[in-house]
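Each remark here refers to the structure printed beneath this line.
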Amino acid sequence: MLIDGHGRKVDYLRVSVTERCNFRCQYCMPEKPFSWVPREELLSYEELFEFVKVAIDEGIRKVRITGGEPLLREGLDNFVKMIAEYKDGIDLALTTNGYLLPQVAGKLAKAGLKRINVSLDSLKEEVAEKIAQKNVLKKVLEGIQAADDAGLKIKINCVPMRGVNDKELVDLIEFCRKREYPIRFIEFMENEHAHSGAKGYTSEQIQEIIGKDYKFKKIERTGSSPSQDYEMEDGYVFGIIEPHKDDFCATCNRVRLTASGVLIPCLYFEDAQSIKEAIKNKDIKKAVEILKDVLAKKPEKNKWSEDSTISSRAFYETGG
């Protein structure tokens with residue numbers, strides 16, 4: 001069992017397989033061109049899997065594959081299969097923008113993927129294009145349907161942006177409610193890589209927008225999910241992720257690994273250590289030592305609950 005320095009059980013590993021992305025979303029990606037980390041500096045699937053095995057052996061029970069956009073890395077279904085076959089009962093999930101799902105949803109499900117989170121920030125083609133800087137909506141909707149057809153459990157993520165998609169929150173809820181997909185609205189996380197002028201909404205403001213059309217009640221938080229959930233009169237539940245609060249920090253159960261081998265204890269702090277050398281040298285003992293040291297130094301709370309810090313963390317590297 002993995003326990004951090006504040007006595008919290010850590011059983012959830014998020015693994016980024018690439019920092020590359022085929023979208024340039026306003027809330028995440030730089031406006032100006034920049035250089036990706038060269039592919040040769042990334043850990044191979046086999047090397048990533050070596051650490052995943054270590055983590056599972058030490059007590060990790062949930063693994064989520066992220067990016068960047070993870071579907072850009074070829075052969076992802078093989079990586080999924082490695083993890084799925086290593087130990088029964090591992091909760092294996094994926095976060096994606098959905099654009100490439102039509103081609104691979106079936107393969108991923110067959111390989112052992114159970115659940116999938118898809119970013120859907122608008123149901124209007126022109127708005128989706130404005131956010132992603134690319135004409136994406138048709139492919140994303142096809143991807144969601146492909147995942148549904150493949151039997152994957154689907155959850156939708158949306159970042160409400162001021163003056164961009166804020167008029168669509170009710171439409172997005174209706175889209176998800178009809179299909180029985182949970183939706184989570186995510187407060188915009190201020191970061192140095194977002195487009196200049198990008199602004200989001202607080203949880204209270206999101207609730208106020210939704211409250212004009214629906215009555216709902218707050219559900220008491222349980223477990224370690226970062227989402228504060230709300231139940232509508234018909235029983236449908238939506239969630240809001242509130243990084244500007246620290247309510248979910250008390251039960252935080254996660255640690256993150258980047259594609260280049262950096263182990264990150266908290267999305268909102270810069271502290272991290274690399275396990276790259278240990279894994280490449282097949283020094284499992286050292287990898288375990290680094291993992292436990294990272295968890296021992298895992299912060300009690302995130303920075304944004306204390307001040308208006310603008311993070312320098314590149315969320316496209318860590319699956320924010």
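Hey, among GLY151, GLY143, GLY106, which residue is of a type outside the set (Val, Ile, Thr) and in a loop (DSSP other than H, G, I, E, B)? Quick ask: steps written out before the conclusion?
On the way: GLY143 fails: in a loop (DSSP other than H, G, I, E, B); GLY106 fails: in a loop (DSSP other than H, G, I, E, B).
Only one candidate qualifies: GLY151.
Return yes when VAL262 is out of contact with any Ser or Thr (no Cβ under 8 Å at 6 or more places or on another chain) and modelled with pLDDT of 85 or more and no when it is not.
Details: out of contact with any Ser or Thr (no Cβ under 8 Å at 6 or more places or on another chain): no; modelled with pLDDT of 85 or more: yes.
Spelling it out, it is not the case that VAL262 is out of contact with any Ser or Thr (no Cβ under 8 Å at 6 or more places or on another chain) and modelled with pLDDT of 85 or more.
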For segment 276-320 the number of residues that are at pLDDT 50 or above, part of a loop (DSSP other than H, G, I, E, B) and under 26 Å from THR95 (Cβ atoms) is 9
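Could you grab me the full set of residues in segment 154-169 that are assigned to a strand (DSSP E or B) and either modelled with pLDDT under 95 or open to solvent by 10 Å² or more (accessible area, probe 1.4 Å) (or both)?
In the first step, residues of segment 154-169 are kept if they are assigned to a strand (DSSP E or B); the result is 154-158, 161.
Residues satisfying the conditions are ILE154, LYS155, ASN157, MET161.
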Could you give every pair whose Cβ atoms fall below 9 Å, whose first residue belongs to segment 46-58 and is surrounded by 17 or more Cβ atoms within 10 Å (Cβ to Cβ) and outside any helix (DSSP H, G or I), and whose second residue is at pLDDT 95 or above and charged (D, E, K, R), counting only separations of at least 6 or pairs across chains?
none
Residues that are open to solvent by less than 20 Å² (accessible area, probe 1.4 Å) and touching a residue at least 40 places away in the same chain (Cβ under 8 Å): does segment 82-91 have at least one?
no
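So, of the residues in segment 198-222 that are among the aromatic types (Phe, Trp, Tyr) and outside any strand (DSSP E or B), which turns out to be modelled with the highest pLDDT? Steps first, please.
Restricting attention to segment 198-222, the residues satisfying the condition of being among the aromatic types (Phe, Trp, Tyr) are 201, 214, 216.
With the extra rule that they be outside any strand (DSSP E or B), the set shrinks to 201, 214.
Working: TYR201: 89, TYR214: 95.
Among residues in segment 198-222 that are among the aromatic types (Phe, Trp, Tyr) and outside any strand (DSSP E or B), the one modelled with the highest pLDDT is TYR214.
With the requirement that a residue be at pLDDT below 80 and part of a loop (DSSP other than H, G, I, E, B), what does segment 223-251 give you? Lay out the reasoning, then the answer.
In the first step, residues of segment 223-251 are kept if they are at pLDDT below 80; the result is 223-224, 243-250.
Listed by number, the residues that qualify are GLY223, SER224, PRO243, HIS244, LYS245, ASP246, ASP247, PHE248.
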Just the residues that are open to solvent by less than 60 Å² (accessible area, probe 1.4 Å) and within 20 Å of ASP166 (Cβ to Cβ), please, taken from segment 119-148.
SER119, LEU120, ASP121, SER122, LEU123, VAL127, ALA128, ILE131, ALA132, VAL136, LEU137, VAL140
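So, in segment 71-81, of the ones that are in contact (Cβ under 8 Å) with a residue 24 or more places away in the chain and part of a loop (DSSP other than H, G, I, E, B), which residue ends up surrounded by the most Cβ atoms within 10 Å (Cβ to Cβ)? It would help to see each step written out before you state the result.
Going residue by residue through segment 71-81, those that are in contact (Cβ under 8 Å) with a residue 24 or more places away in the chain are 71-73, 75-81.
Then drop every residue that is not part of a loop (DSSP other than H, G, I, E, B), which leaves 73, 75.
On the way: ARG73: 19, GLY75: 11.
Restricting to residues being in contact (Cβ under 8 Å) with a residue 24 or more places away in the chain and part of a loop (DSSP other than H, G, I, E, B), the top hit is ARG73.
The values are calculated or read from the model by the stated rules, or taken from the named source; none is laboratory data. Keep in mind it's a predicted model, so treat the numbers as computed, not measured. Backbone-built Cβ (ideal geometry, glycine too); neighbour counts: all protein chains shown. Accessible surface areas use protein heavy atoms only, side chains included; no ligands, DNA or RNA. Shrake-Rupley method; radii C 1.70, N 1.55, O 1.52, S 1.80 Å.
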